[in-house]
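Readers should treat all values here as calculations from the given coordinates under stated rules, not as data from a laboratory. Worth saying up front: this structure is predicted, and the values here are computed from it rather than measured. Glycine also receives a Cβ, built like all others from the backbone with ideal geometry; neighbour counts cover every protein chain displayed.
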Amino acid sequence: MAKRAIASAPGKTILFGEHFVVYGSPSIVMAISRRVYVAVEKYEAEEVIVESDLGYTGLFTGDIYKPLIGGLDGEFILKPIYIAAIKTLKFLSINSGLKISINSEIPIASGLGSSASTFVATIAATAHLFGYSLNYRELFNLSLEAEEYVHGTPSGVDQTIAINGGLVEYNRFSGFEKIKSSVDIPLIIGNTGILRSTGKLVAKVRKFAEENPNTMESLLLQIGEIVGEAKNLLVKGDLEGLGILMDRNQELLRIIGVSHEKLEELILTAKRAGALGAKLTGAGGGGCMIALVTDKVRSSVAKAIEDAGGKSLPANISISGVEVKLYNN
């Protein structure tokens, strides 16, 4: 049996859809080449040590948390990872201590799916360490349980893309369907650096939907049309048309109140620098925006975002979903 398992899973960007997915509308999600890496090995005692490159290390004995590095604040960051690992051990009927190490290329709380990628990689690595390869549904359900600790009622989009990679249309009721784009989708991600709570934003949209049912119904119809058109344009390779649809999607997100003045600044900046379209991605309220670019303007859009105070990240499609390697040393 292997001594150590290392799994990685991609982050994601939502090209179209966002919050409307919770209400049954489709979305289009792209896995990005930035990944989370999770190393898992057995630990002598029936305890779990979790260490993160965010500067926190903690020891879990049952549900009791003991900070080793970084103080008590680390429990909020590390406990969901502990939960993901423990639920996996319980599912496999295994009693064992674990040491879990997290290294991430994905900024946290930015709308790029860092938590789901971390949970998927943690669960996959833990299972493989003990000789098990979980199927999609098992991996999805376990990671969703861990995500619920963080986000309350996650849509499942992030888990789906972290497991499968590529480009998919996702519906929380009918699942996912892979999309084959005839062109690359060159993006510049602009990170505002503003942390936000996905759970609070989901609750904000829920309140909007309850108070404005007719408006919400209209928005759901519109986003359905946008996603349908976007699928066709991806097949055709029409980047200009996709940019127009991204702008339309952003208008709908403004209506439900999930944009932010810094997001709007970066979106406007990207458009002025030549982006074909731009919108927030993920929950909004801070986090990241995305700009669809051509090779000609890619560097100028990235520079414009940096000059406006954002952090620019180039994005490519990651065809690979979760991957696991085993080591005997």
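Please compute the length gained on full extension between Glu264 and Lys236, using 0.36 nm multiplied by the number of residues separating them and subtracting their Cα-Cα distance.
Answer, rounded to one decimal: 7.2 nm.
Residue by residue through segment 69-79, what is 3J(HN,Hα) from phi via Karplus (6.51 cos²θ - 1.76 cosθ + 1.60, θ = phi - 60°)? Round to whole Hz and write x for glycine and proline.
9, x, x, 5, 4, x, 4, 4, 6, 8, 4
Which ³J(HN,Hα) values, rounded to whole Hz and listed in residue order, are derived for segment 120-127 from phi using the Karplus coefficients 6.51, -1.76 and 1.60 in 6.51 cos²θ - 1.76 cosθ + 1.60 with θ = phi - 60°, glycine and proline given as x?
Values, residue by residue: 4, 5, 4, 5, 5, 5, 4, 5 Hz.
Using only DSSP helix segments of four residues or longer, with each worth -39500 (n - 2.57), what per-residue ellipticity at 222 nm results for the chain after dividing by its residue count and rounding to 500?
Computed ellipticity for the chain at 222 nm equals -13500 deg cm²/dmol.
What does the chain give for Rg and for Dmax, in Å, if only its C-alpha atoms count?
That works out to 19.7, 60 Å for Rg and Dmax.
At 7 Å along the Cα-to-beta-carbon direction for both Glu46 and Ile319, put a label point, then send me their distance in nm to one decimal.
4.5 nm
Residue farthest toward the positive end of the dipole of the chain, with Cβ of Lys/Arg at +1 and Asp/Glu at -1: which of Gly285, Leu15, His260?
Result: Leu15, furthest along the dipole toward the positive end.
Straight-line reach from Lys325: which lysines fall under 17 Å, measuring Cα to Cα and dropping same-chain residues less than 8 apart?
Those lysines meeting the cut-off are Lys3, Lys42, Lys99.
How far apart, in nm, are two points set 7 Å out from the Cα along the Cα-to-Cβ line at Lys296 and at Lys311?
According to this spin-label approximation, the distance is 3.2 nm.
Under 1.5 on a/c is rounded, so check that first for segment 187-315, then, if it is not, pick prolate when a/b is larger than b/c and oblate when it is not; a ≥ b ≥ c are the square roots of the alpha carbon gyration tensor eigenvalues.
Because a/c hits 1.5 or more and a/b fails to exceed b/c, segment 187-315 counts as oblate.
Calculate the dipole size of the chain relative to its Cα centre from +1 charges on Lys and Arg beta carbons and -1 charges on Asp and Glu beta carbons; express the result in debye to the nearest 20.
It works out to roughly 380 debye.
Mind pulling the angle between the C-alpha long axis of helix 261-272 and the longest principal axis of the chain? Nearest 10 degrees, somewhere in 0 to 90.
Orientation of helix 261-272: about 60 degrees from the principal axis.
Please list, in chain and number order, the residues 5+ apart from Val258 or on another chain whose amide H is under 5 Å from its amide H, with Hs placed from the backbone.
Those lying under 5 Å, H to H, from Val258: there are none.
Which of the residue pairs Lys12/Lys180; Lys262/Lys303; Lys204/Lys271; Lys200/Lys236 have a Cα-Cα distance greater than 26 Å in the structure shown?
Lys204/Lys271; Lys200/Lys236
Which one of Ile189, Ile255, Ile77 has the biggest mean-square fluctuation once the chain is modelled by GNM with Cα springs under 10 Å?
Ile255
By how many degrees, between 0 and 90 and to the nearest 10, does the Cα long axis of helix 213-236 differ from the longest principal axis of the chain?
90 degrees
If exposed trypsin sites (Lys or Arg not before Pro) are those in a DSSP loop with at most 12 other Cβ within 10 Å, what is the longest stretch of the chain that has none?
4-179
Remind me, relative contact order of segment 187-315 in percent, using alpha carbon pairs under 8 angstrom and six or more residues apart?
41 percent
Fewest to most neighbouring Cβ within 10 Å: what's the order for Met289, Met246, Met216, Met30?
Ranking Met289, Met246, Met216, Met30 by Cβ neighbours within 10 Å, fewest first, gives Met216, Met246, Met30, Met289.
Which residue, Val183, Val29, Val227, tops the fluctuation ranking in a GNM of the chain built on C-alpha contacts under 10 Å?
Of Val183, Val29, Val227, the Gaussian network model singles out Val183 as fluctuating most.
What distance in nm lies between label points placed 7 Å from Cα along the C-beta direction at Glu217 and Ala203?
2.8 nm
Taking neighbour counts of Cβ atoms within 10 Å as a proxy for exposure, in what order, fewest first, do Phe16, Phe76 appear?
Phe76, Phe16
Provide the per-residue ³J(HN,Hα) series for segment 281-293, in order, calculated from phi with Karplus coefficients 6.51, -1.76, 1.60 and θ = phi - 60°, each as a whole number of Hz, with x at glycine and proline positions.
Here the 3J(HN,Hα) series is 9, x, 6, x, x, x, x, 10, 10, 10, 10, 7, 10 Hz.
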